[in-house]
Amino acid sequence: MAQSSSNAAGRPVLVAGSLDTKGAEVAFLRDRLRAGGLAVQVIDFGILGPAPFEPEVPRDTIAEAAGESIADLVSAADRGRAVAAMQKGLAAWVRRRRETDPPAGMLAIGGSAGTAVATAGMRELPIGVPKLMVSTMASGDVRVYVGTSDICMMYSVADFTGLNRLTTTILSNAADAIAGMCGHRAPLVETSGRTLLGATMFGVTTPCVNRVKELVEQAGYELLVFHATGTGGQAMERLVTDGFIKGVLDITTTELADELVGGVLTAGPHRMEAAAKIGVPQVVSVGALDMVNFGAPETVPPKFLGRQFYPHNPSVTLMRTTVEENRQLGTILAGKLNQATGPVTLLLPLRGVSAIDRHGKPFHDADADKALFDALRSQLRPPVKLVEISCHINDPEFASAIVAEFFKQMEAPLCQHAGASTSGGKE
């Protein structure tokens with residue numbers, strides 16, 4: 001996944017920015033990197049005025065990659081259209097570049113528009129290739145820029161309007177950081193001999209996932225654990241699509257509840273589709289489907305007044321899903337699993353789906369859980385395998401059952417991993 005220092009040697013670092021407004025700053029970054037012995041290629045995605053120097057990748061090239069021309073964008077005098085075009089163009093250009101001549105890394109600076117354009121390109125680079133965005137937008141919610149990539153965001157503190165004592169310090173740190181990531185480094189630890197798996201976790205399912213991790217790693221697997229915060233689920237599915245993750249332990253499917261009800265941690269409507277489409281073996285459960293996530297109490301939409309809430313911490317407010325919502329979640333989850341082209345097992349913990357859904361805990365609701373379980377029982381179709389266990393999701397025996405079912409899948413004939421299994425039903 002990640003490149004070694006020897007692979008990066010000799011390949012250029014891409015330095016991107018709007019040269020019409022950030023020319024001096026981009027030149028500073030270029031010169032500092034070259035002084036450190038790194039090859040550099042400058043990308044210009046500016047629109048407004050002339051570039052102060054000739055870049056290796058001119059703005060015309062980026063515009064053409066979007067099917068536009070600089071002349072048309074300038075004459076239209078539509079800044080929104082121009083930014084969208086350069087964003088599309090840079091993404092397309094980097095996408096082609098990664099296949100033909102992959103760079104050692106990418107560094108960019110910008111304000112709101114420049115950050116949107118540059119990070120669109122960075123997101124096209126593989127995970128593990130260094131990416132550093134120096135931005136006036138970095139001290140806030142950066143999800144729209146980072147997405148599921150491993151982009152490093154550095155706050156610029158002040159806007160870039162020329163070189164001064166502060167900006168040169170910030171830019172020097174940025175150049176030195178990307179140089180460290182792309183230049184001479186100690187060899188990376190190789191774990192390529194271990195099959196990489198993915199699992200989803202929330203604070204309220206941590207005991208289960210920790211035990212699963214311990215068991216699968218004892219057996220020689222390597223497990224990546226993703227926090228089911230919306231981006232976490234998306235990141236896991238990106239790594240499935242990119243071929244890194246070979247098996248999924250989707251224990252915490254709570255992001256489906258946020259998507260259905262309107263919480264803040266949704267992973268979007270296509271969550272749980274990557275592994276199903278590709279045929280990656282899956283063991284799935286219903287972790288934290290008892291809750292929908294919001295921010296601080298004052299951020300909860302007024303339409304939910306009167307619902308049952310639990311303050312997870314001062315910044316996170318949980319809302320209990322209702323009987324009807326659980327019935328719908330069962331239908332949604334069954335529909336996702338029924339589309340799988342590889343082996344799938346769904347495990348139901350009949351005594352609670354989260355740390356606070358247990359007898360005597362705030363979200364214990366036997367009727368809501370039953371609605372979820374009944375919908376799944378009635379709508380799952382072979383070859384999806386359903387296993388019901390009379391324990392809580394965080395009980396050690398549930399984790400052991402998850403791992404046992406996963407090992408059965410990995411030992412199954414290859415034809416079953418292509419969706420040809422005819423076994424199914426409830427155990």
What the Cα atoms of segment 5-182 span along the principal axes, largest first and in whole Å, is 43, 39, 33
Using the Cα gyration tensor of the chain, the equivalent ellipsoid's semi-axes, largest first and to the nearest Å, work out to 45, 25, 20
Under the helix-only model (-39500 (n - 2.57) for each DSSP H run of 4 or more, divided by the residues of the chain), the mean residue ellipticity at 222 nm, to 500 deg cm²/dmol, is -12500 deg cm²/dmol
Scaled by the rule-of-thumb 2.2 N^0.38 Å, the alpha carbon Rg for segment 351-405 gives a ratio of 1.22
Straight-line reach check, K361, cutoff 16 Å on alpha carbons, 8 or more apart in-chain or any other chain, hits among aspartates and glutamates -> D290, D369, D395
For segment 99-105, Karplus-derived ³J(HN,Hα) couplings (6.51, -1.76, 1.60; θ = phi - 60°; whole Hz; x for glycine and proline) come out as 7, 9, 8, x, x, 6, x
If one compares the long axis through the Cα atoms of helix 165-182 with the longest principal axis of the Cα atoms of the chain, the angle in degrees, nearest 10, works out at 60
Kirkwood radius from Cα pairs of segment 196-426 plugged into Stokes-Einstein at 10 °C, 1.306 mPa s, gives D in µm²/s equal to 91
Square roots of five times the C-alpha gyration tensor eigenvalues of segment 61-148, ordered largest first and given in whole Å, equal 22, 18, 9
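Readers should treat all values here as calculations from the given coordinates under stated rules, not as data from a laboratory. Not measured: the values here are computed from a predicted model.
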